[in-house]
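Notes follow once the structure below has been shown.
No value in this document is a laboratory result; all are computed from the given coordinates. Just so it is clear, the model here is predicted, and its values are computed rather than measured. Ideal geometry is used to build each Cβ from the backbone, glycine not excepted, and the neighbour counts take in all protein chains shown.
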Amino acid sequence: MRNCKEITQLISEGLDRRLSFWQQVGLRLHLMMCGACAAYRRQVTALNKLISARFGESGPAGPHLLSGEARQRIKAALRDHTH
Ligand SMILES: [Zn+2]
C-alpha cells in the first residue's frame, strides 16, 4: 500500500500529466480510506482550476509555466485569505 507522502506526490503529478492506470487505482483506493489525502486532493484540484482559469488564456501550456515556487506563493496567499 502506498503511503500519504507518495499519494500527495501522485496528486501533484496528476495535475501536470496523466497517471498510469495502476497509479490511478492506487490513488483512488488510498483516497477512499484517507480523509487527509482526499482533502489535500480537493484543495490542489481547486487551486489548479483557479490557476488554469487565471493563466489559461495563454494556451494549454500556460499553467505549466508556473514554477513550484509560484504555486507555493499562491497557495500561501489563498491560505491567508481564508483566515
Ligand atoms: Zn493519505
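Table for the structure above
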item: Net charge of Cβ neighbours under 15 Å - reference GLY35; Lys, Arg +1; Asp, Glu -1; result: +3
item: Cα gyration tensor category, rounded, prolate or oblate, for segment 1-51 with a/c compared to 1.5; result: oblate
item: Placed amide H near CYS34: partners under 5 Å, 5+ positions off or other chain; result: none
